[in-house]
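The values are calculated or read from the model by the stated rules, or taken from the named source; none is laboratory data. Please read all numbers here as calculations on a predicted model, not as lab measurements. Here the Cβ is made from the backbone with ideal geometry for all residues, glycine too, and neighbour counts use every protein chain on show.
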Amino acid sequence: MPFARTLARNLLAAAATILGLLIVTFVIGRLLPIDPVLAAVGDRAPADVIARVRAEMGLDLPVYEQFFIYVGKALTGNFGESVLTARPVISDIGRYFPATLELATAATLIGILLGVPMGVASAVRRGQWPDHVIRVVSLFGYSVPVFWLGLMGLLVFYAKLGWVAGPGRIDVYYEDLVPAVTGALAIDSLIAGNMTVFVNALRHLVLPASILGLYSLAYIARMTRSFMIGELSRDYIAAARIKGLPERRVIWGHAFRNILVPLVTVIALSYGALLEGSVLTETVFSWPGLGRYITNSLLSADMNAVLGGTIVVGVVFVGLNLLAEMLYPVLDPRARSARA
Amino acid sequence: MASKGEGGRKPRTGARIAVAALAVLAALSVPPARAEVPPDVFVMAMQIDDVISLDPAEVFEFTGAEVSANIYERLLYFDDDDVTRIEGGVADAWEVSKDGRTYRFHIRPGMTFQSGNPVTAEDAVYSFRRVVRLNLAPAFILAQFGFTPDNVDSRISAPDSETLVMETDRAYSPALFYACLTADVASIVDAKLVKSRAANGDDGNKWLRTHSAGSGPFRLRVWKPNEIIILDRFADYWRGAPAMRTAFIRHIGEPGVQRLLLERGDIDVARNLSPDQAAAIKDRADLRLKFARKGSLFYLALNQKSDVLRRPEMRQAVKYLVDYMGIVGTILRGQAEPHQTIIPAGYLGSLDENPFTFDPAKAKALLGGGEGPAVTLDVRNVQEELQIAQSIQASFAAAGIEVALAPGDGRQVLTKYRARNHDLYFGQWGPDYQDPHSNAQAFASNPDNSDRGQVKTLAWRNAWDIPELTEMTSAAVLERDPGKRAADYREIQRRMLADSPFVVLYQQVDMAVERAVVHGFVLGPAFDTVSYRGVTKSAAH
């Protein structure tokens, strides 16, 4: 069963990746010159309170013992309580991860919907003005700091023009109006049938998603362009054109279909990066997401939270890669025949 | 290669998708009616990511203490205009025995908790015993009077439902004892409710971290860490129900974003604007800047483990190497007052003397010329603090002292400071309660200077071995005559001006920016005196 063998190989690689993640996060946590007890009890707690909390956190144990406890927790899914929020890490993740997922998904959709056509157009009109314009847009999305872009976006579209809602996931008056089902406010409000909250949530989502989407768009457009240029120079494309096939079919029916495999990988990587790497956007837009949660936790040596957040991101990343790999045979008949 | 003619045939599907996406964006971008906070709702933006608990027995962070103060009532309060004056809260009368060890508090009749339960002496007893039993970070504020988990049941009691009796181990200054009872840790919780939520001997701590059981003007509806705190008014509050139905405290980490929200009218108050941002909007008619002097001091510390920094001449010379007026006037612009002693202005025994000015010639003379040393200055990577550190770096260079800046995350810098691994440290210290002992103990007391020392005061962190000052500080807490006690603290400060490893630069002035329609928002003199109870709003401009 070649498919089962591939799946097993991929799962083994995923397990090794996650174990590597555990080791790296543990080592970083121990190397950081920060006393985790400080985050738990503050700077002024008396010595006896500090000693007691240190023992409660297991920090008085030998390092190797701490590591085994750390790994043991990960394997049993018990991440303990976060020092910073004083809540179970799993419930924190349950709240922060959907917020990040909502933002990253919207950004990736923007990236795909705009980036792919732009990349194709750029390749087809290579060296002409659309190519130059798209390259400038891509370069802009790639090189302008997202922090600055976020602030400027808020200044122009929220403060000056009033086109979008301000920072946060929703206006404060709508807090807790819809029950949390998926954790994604736009979806939960639809489930609850509350269109007022839905529109408000979308108005809050559109700007941070667009800012993040610009980054995603830049990456996807550049890579699409590159893949398409390679594909359009192949002999079978020339043959198709000689046969008199319509250009649209040559581009979308032949060339584009053949870049789907690497493109899906690029999109999966971009999506994965947005799930964890949107810390600055989350900060500017006061978006309570997982990236900011992990970063704050790491800076406070809140290892339970770092462990939980990292595992979730790691699993999602690995899962996305697995998914992309599983999609290859669907997208490319050659992959099917190679496996057969 | 595509020909011109082929170029005319566009990838229409992609274009259609792009147009559809833009149409969705445009639909969402219809300008809304101008945002305006409703008249009976109060919305404030601030950085609330320091909150780790809302249980008053555990709260020891700025935001947590502020919120807790709006939920819970305390036995006693200090007057915002004169922190040495004590006023009644849950207690409407009180007295101390002749031997100075037994305090009796009479509970104000007719008060109720948000649950509807009456406020009684038993609630006060439970609240204080609970603090001592739990022994969390702020517990020392009560425990320093000799209360331990073993004796607290006998030392704190209620002979009847209207009388609370507290017996201290020594005859402390009553002013000190009363000041400690005005601290957040001395909040009175609803004993019946909290006991019903207790689990595994935690005295309800786990539940109270995220819920409320108070008798203050607001009750906690929800706290979402790093996101929002929502408070609903308590209609039966004994001083009168707040005008605001709900208070929303939004976490907005970026000061620039707080400003945008304020200018759009989406919030009523912004709490973390920088001096530059405040200067840019100070003349707007629809906004108002509000200032309040707080007890926090900002200081530079010299680690006495360093051979270079422990020279008495060096300790004194550095006091002439800080551009005090430049820092207060140029960098902090209204958010600080010059202050060079360890007891904040407004406190008992404060000393209104600022003898040091930036005088590099005098510093050089004290150092005796020659090549200056190279030292490192640890500082939090916060904009204003970094600017001050850069100013210190430049002014020290005037006397040939080479300062390398070591900016870091707050907890990283503190970890190094607490381990006594720094050279120079620039940081903040705020008193835990409104009594000079809080700061005197921090700066002028160091019972054991060895690395194993258990009392890690600021003096200990800087390895400053001061048996005489430590004794003076300990004696001052037992002085019951307020005049003599004030004199004791002035003497401690004069000695520290003459020689200490601390350079106090300024006292913090807190600033908030509010919309002009907002009235009655109080900042007060301490981090836990910020009050939303009296907030009202007039009609918008």
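The residues listed here are B:Gly100, B:Gly110; of these, the one that is buried (at least 16 other Cβ atoms within 10 Å of the Cβ), more than 14 Å from every other protein chain (Cβ to nearest Cβ) and in contact (Cβ under 8 Å) with a residue 40 or more places away in the chain is B:Gly100. When residues in the stretch A:136-156 are screened for being more than 7 Å from chain B (Cβ to nearest Cβ) and touching a residue at least 24 places away in the same chain (Cβ under 8 Å), 12 of them pass. For the stretch A:37-60, indicate whether the set of residues that are touching a Ser or Thr at 6+ places or on another chain (Cβ under 7 Å), in a helix (DSSP H, G or I) and within 27 Å of B:Trp223 (Cα to Cα) is non-empty. Yes: the stretch A:37-60 contains one or more residues that are touching a Ser or Thr at 6+ places or on another chain (Cβ under 7 Å), in a helix (DSSP H, G or I) and within 27 Å of B:Trp223 (Cα to Cα).
When B:Ala512, B:Ala487, B:Ala539 are checked against the criterion of being closer than 27 Å to B:Asn272 by Cα, of a type in the set (A, V, I, L, M) and surrounded by fewer than 15 Cβ atoms within 10 Å (Cβ to Cβ), B:Ala539 stands alone in meeting it.
Among the residues making up the stretch A:288-323, those that are outside any helix (DSSP H, G or I) and surrounded by 24 or more Cβ atoms within 10 Å (Cβ to Cβ) are A:Gly289, A:Ser300, A:Ala301, A:Asp302. Residue count for the stretch B:372-386 under the criterion of being more than 17 Å from B:Arg310 (Cα to Cα) and either surrounded by fewer than 17 Cβ atoms within 10 Å (Cβ to Cβ) or not assigned by TED's automatic domain parsing to the domain that holds B:His422 (or both): the result is 4. Counting only residues that are in a helix (DSSP H, G or I) and either within 14 Å of chain B (Cβ to nearest Cβ) or over 30 Å from B:Asp50 (Cα atoms) (or both), the stretch A:1-36 holds 24 of them.
Scanning the stretch A:157-181 for residues that are on the phi > 0 side of the Ramachandran plot and without any contact (Cβ under 8 Å) to a residue 12 or more places away in the chain, we see that the one that is surrounded by the most Cβ atoms within 10 Å (Cβ to Cβ) is A:Gly162.
Given the condition closer than 30 Å to B:Ala516 by Cα, modelled with pLDDT under 95, crowded, with 23+ Cβ neighbours inside 10 Å and touching a Ser or Thr at 6+ places or on another chain (Cβ under 7 Å), answer yes or no: does some residue in the stretch B:83-97 qualify? The answer is no; no qualifying residue exists.
One residue stands out in the stretch A:273-311 among those that are of a type in the set (D, E, K, R) and more than 8 Å from every other protein chain (Cβ to nearest Cβ): the one that is nearest to A:Glu175 (Cα to Cα), namely A:Glu282. Does B:Asn439 satisfy being within 23 Å of B:Ala301 (Cα to Cα) and either under 25 Å from the mean Cα position of the chain (by Cα) or not in a loop (DSSP other than H, G, I, E, B) (or both)? Judged against the criteria, B:Asn439 is a match. The residues listed here are B:Val328, B:Val322, B:Val318; of these, the one that is at pLDDT below 95 and assigned by TED's automatic domain parsing to the domain that holds B:Asp451 is B:Val328.
Yes/no per residue for (1) out of contact with any helix residue (DSSP H, G or I) (no Cβ under 8 Å at 6 or more places or on another chain); (2) free of Cβ contacts under 8 Å to residues at least 24 places away in the same chain; (3) among the acidic types (Asp, Glu); (4) closer than 29 Å to B:Val59 by Cβ:
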{"site": "B:Arg420", "(1), (2), (3), (4)": "no, no, no, yes"}
{"site": "B:Asp432", "(1), (2), (3), (4)": "no, no, yes, yes"}
{"site": "B:Ala475", "(1), (2), (3), (4)": "no, yes, no, no"}
{"site": "B:Ser500", "(1), (2), (3), (4)": "no, no, no, no"}
{"site": "B:Leu505", "(1), (2), (3), (4)": "no, no, no, yes"}
{"site": "B:Met511", "(1), (2), (3), (4)": "no, no, no, yes"}
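Looking across the stretch B:208-239, just one residue is acidic (Asp, Glu) and away from chain A (no Cβ under 14 Å), and that is B:Asp236. Here A:Asp176 clears all of (1) at pLDDT below 90; (2) under 24 Å from the mean Cα position of the chain (by Cα) except the condition numbered (2).
Here is a check on your reading of the model: is A:Met326 modelled with pLDDT under 80, over 16 Å from the mean Cα position of the chain (by Cα) and buried (at least 24 other Cβ atoms within 10 Å of the Cβ)? No: the conditions fail for A:Met326. Among the numbered conditions (1) within 14 Å of chain A (Cβ to nearest Cβ); (2) closer than 30 Å to B:Gly240 by Cβ, the only one that B:Tyr126 does not meet is (1). Of all the residues in the stretch B:57-73, those that are in a loop (DSSP other than H, G, I, E, B) and either more than 19 Å from A:Ala40 (Cα to Cα) or more than 14 Å from chain A (Cβ to nearest Cβ) (or both) number 3.
Would it be correct to say that A:Thr100 is surrounded by fewer than 24 Cβ atoms within 10 Å (Cβ to Cβ), more than 12 Å from chain B (Cβ to nearest Cβ), within 30 Å of B:Ile48 (Cβ to Cβ) and polar (S, T, N, Q)? So A:Thr100 fails the test.
Number of residues in the stretch B:381-436 that are over 28 Å from B:Asp465 (Cβ atoms), part of a helix (DSSP H, G or I) and within 13 Å of another protein chain (Cβ to nearest Cβ): the value is 0. Checking each residue in the stretch B:183-200 for being more than 26 Å from the chain's Cα centre (by Cα) and within 14 Å of chain A (Cβ to nearest Cβ) picks out only B:Asn200.
Residues in the stretch B:285-327 that are within 29 Å of the chain's Cα centre (by Cα), of a type in the set (A, V, I, L, M, F, W, C) and under 24 Å from B:Ala459 (Cα atoms): B:Leu297, B:Phe298, B:Leu300, B:Ala301, B:Leu302, B:Val318, B:Leu321, B:Val322. Restricted to helices (runs of 4 or more DSSP H) entirely inside the stretch B:443-541, those with at least 1 residues that are at pLDDT 95 or above and of a type in the set (Asp, Glu) are B:467-476, B:482-498.
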